[in-house]
Amino acid sequence: MRLMLQLFRIYPLASFLMILALFLSGLAEGLGVSALLPMLKIALYPGDGGANAAPPGELELMVLGILDWLGIPSTLGALLVLIVVAATLKAILLLIAQRQVGYTAAQVATDLRLEVLRNMMHSRWSFFLHQPAGKLTNTLATEAQRAADAYMQGANAITFLIQALVYAGVAVAVSWKATLVSLIGGTIIIWISHFLVQMARKAGKKQTHLMISLMSHLTDMLQSVKPLKAMAREDLVDQFLEHETIRLKKAQRRQVMAGAALASGQDLMFVCLIALGVYLALGLLSMDFAMVLILAVTLGRAFSFLGKVQKQYQKLVQNESAYWSLKETSQLAERQSEPLGGDLAATLNSGVSFRKVDFLYDGNSVISGLDLEIPAHQITTIIGPSGSGKTTIIDLVIGLIHPDGGEIRIDGVPLQEIDLKAWRRIVGYVPQETVLLHDSILYNVTLGDPRISEARTREVLERAGAWDFVRDLPEGIHTLVGERGGRLSGGQRQRIAIARALINDPKLLILDEATSALDPDTEAAIISTLRALREQLTILAITHNSGLAQAADVVHRLEPAGSIRT
């Protein structure tokens, strides 16, 4: 129950209200059950005042005393009304408790997803790069839901435990000796069944591990479907996934087997225990039939609810590994939170400069002693062979990574003294691979920001040279672009990406090989758009293409050793 204790600490008010409602519903149920014994005596021994019945016990006297205090006659009808009223109160209170549990479980899933997502988004770029996309997807979807399910199952276990205690309490009031013996037998059955709970726990942990592995590899492979199909190697995906899903199936089978064995075996043992108790009470001890019947009902219900407690606990331990896995991912991301620099405002009036900048990756030098100028309101391109550190320069400018030596200055101010969030708000970035969301052009440009109007979106589409083709689409700005933007050409996707980068009026526009996959005519059109934009902002571009380099105001050639030639 460590998971439930932790969630109770996180959601104290909701948990208190749930427990209170469950406790009151248990009392109501206990009141109804307590009325059964005098009602049975009236029904079994009518007309003789119960002369043939056993003397009234403490429970029966308590119920009759309550009825007398309320001025209600001890008749069959009155007792039936009492049972119905108690059942109604129990149903209402149980509904309130279950509603609270459902609301809290939904809140648990939502809070866990947001916690992981926020910590991931605020983590260091180097840490984020090493996280498989499939693992994060599994964490947000599967693990968060399983954690919420575990809370629901824990709450159900508490519900059944309270009900079991109520019935056990009534049985104690009827005959504490018979109840004590029966509870000892029930405890032995619970203990015998516990190994099935441990089996389910291990299967749940295995399932969590395998789901992370499966989702990580599945996401990677789905992103590579085109080259796999092009080379007729899609069967490799099937072979790998078959192997992983078979391992997952085995874990799920063990989980199902443990649950089924617990349900069937435990119920059978409880029935045998009750049957033995009834035989001993009536056949050997000659107890009053009404008393034995009440004991059989109350203890039978108590054992039934105790069995449900263990079954719900078994389900809880199957799912709780997902919660701890999710928390581990979240805490790891939190420990890798990104430093956001200083508190100075971000500006870009004169330019960006590198002074003797060094950068190491896994102990290997990528950039060494780099001096570089990126003047404001000009197009600066960086060209060079693959692996020379071009993208590293962009990541350093954005502040995604930090130099191991030297200094980067913005308008003469060291970057580490500038508020990084504020600096990035004036940066527009166009990646090499333009992947659009499977949504409308409007959404792809605004990314769902409700503060950005359609008029503003049209304005940036015009600046990016995209409005002419967007206007001619069947639904205009509301046209769906398809999966990864597949309904648009490469040049059209690139213009949409440029519009998205321009939507917040950046002062610095960065293009990371943004024209590398375009044909010459499309590239020329994009270059014409960029030249028109340089009067309003600073442009930094990485390129292999000579066309963009020829259009630039400043060209830096990066050598493999990390040196620069302008």
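The values are calculated or read from the model by the stated rules, or taken from the named source; none is laboratory data. Remember, predicted model here, so these are calculated numbers, not experimental data. So basically every Cβ, Gly included, is an ideal-geometry build from the backbone, and we count neighbours across all protein chains shown.
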query = Under the condition of being of a type in the set (G, A, S) and free of Cβ contacts under 8 Å to residues at least 60 places away in the same chain, which residue from segment 118-155 is farthest from Q100 (Cα to Cα)?
reply = A141
task = Say whether the condition of being assigned to a helix (DSSP H, G or I), farther than 19 Å from I383 by Cα and modelled with pLDDT of 70 or more is met by at least one residue in segment 507-522.
result = no
request  = Would you please name the residue that is surrounded by the fewest Cβ atoms within 10 Å (Cβ to Cβ), looking only at residues in segment 417-445 that are more than 30 Å from G342 (Cβ to Cβ) and hydroxyl-bearing (S, T, Y)?
outcome  = S440
inquiry  = Kindly evaluate I158 against the criterion of being part of a helix (DSSP H, G or I), without any contact (Cβ under 8 Å) to a residue 24 or more places away in the chain and out of contact with any Gly (no Cβ under 6 Å at 6 or more places or on another chain).
reply    = no
task = Could you tell me whether segment 494-503 includes any residue that is at pLDDT 75 or above, assigned to a loop (DSSP other than H, G, I, E, B) and assigned by TED's automatic domain parsing to the domain that holds L442?
result = yes
ask   = Going by the structure shown, is Y167 surrounded by 19 or more Cβ atoms within 10 Å (Cβ to Cβ), in the same structural domain as Q310 (by TED's automatic domain parsing), under 27 Å from the mean Cα position of the chain (by Cα) and part of a helix (DSSP H, G or I)?
value = no
request  = For segment 458-475, indicate whether the set of residues that are surrounded by 15 or more Cβ atoms within 10 Å (Cβ to Cβ) and within 35 Å of the chain's Cα centre (by Cα) is non-empty.
outcome  = no
ask   = Within segment 428-448, is there a residue that is of a type in the set (G, A, S) and closer than 19 Å to A552 by Cα?
value = yes
Lone unmet requirement of (1) in a loop (DSSP other than H, G, I, E, B); (2) without any contact (Cβ under 8 Å) to a residue 60 or more places away in the chain; (3) out of contact with any helix residue (DSSP H, G or I) (no Cβ under 9 Å at 6 or more places or on another chain) for A455 = (1)
ask   = For segment 394-416, does any single residue satisfy the condition of being surrounded by 14 or more Cβ atoms within 10 Å (Cβ to Cβ), among the β-branched types (V, I, T) and farther than 30 Å from L558 by Cβ?
value = no
remark   = For F469, the lone unmet condition from (1) part of a strand (DSSP E or B); (2) among the aromatic types (F, W, Y); (3) farther than 30 Å from F354 by Cβ is (1)
inquiry  = Test of understanding: among L280, L268, L293, which residue is at pLDDT 75 or above and either polar (S, T, N, Q) or over 21 Å from Q314 (Cα atoms) (or both)?
reply    = L280
ask   = Residues in segment 403-439 that are in a strand (DSSP E or B) and at negative phi: how many?
value = 13
Check on E328, assigned to a helix (DSSP H, G or I) and surrounded by fewer than 19 Cβ atoms within 10 Å (Cβ to Cβ) = yes
Selection count, segment 366-386, where residues are at pLDDT 85 or above and touching an Asp or Glu at 6+ places or on another chain (Cβ under 6 Å) = 2
request  = Hey, can you tell me all the residues within segment 532-558 that are modelled with pLDDT under 70 and surrounded by fewer than 14 Cβ atoms within 10 Å (Cβ to Cβ)?
outcome  = S546
query = Name the pairs whose Cβ atoms lie under 9 Å apart, with the first residue in segment 260-289 and outside any helix (DSSP H, G or I), the second charged (D, E, K, R), and 6 or more positions between them or separate chains?
reply = D288/K41
task = Kindly provide the set of residues from segment 110-141 that are under 20 Å from K315 (Cα atoms) and surrounded by 19 or more Cβ atoms within 10 Å (Cβ to Cβ), ordered by number.
result = L112, N138, T139
ask   = Within segment 290-312, is even one residue part of a helix (DSSP H, G or I), free of Cβ contacts under 8 Å to residues at least 24 places away in the same chain and among the β-branched types (V, I, T)?
value = yes
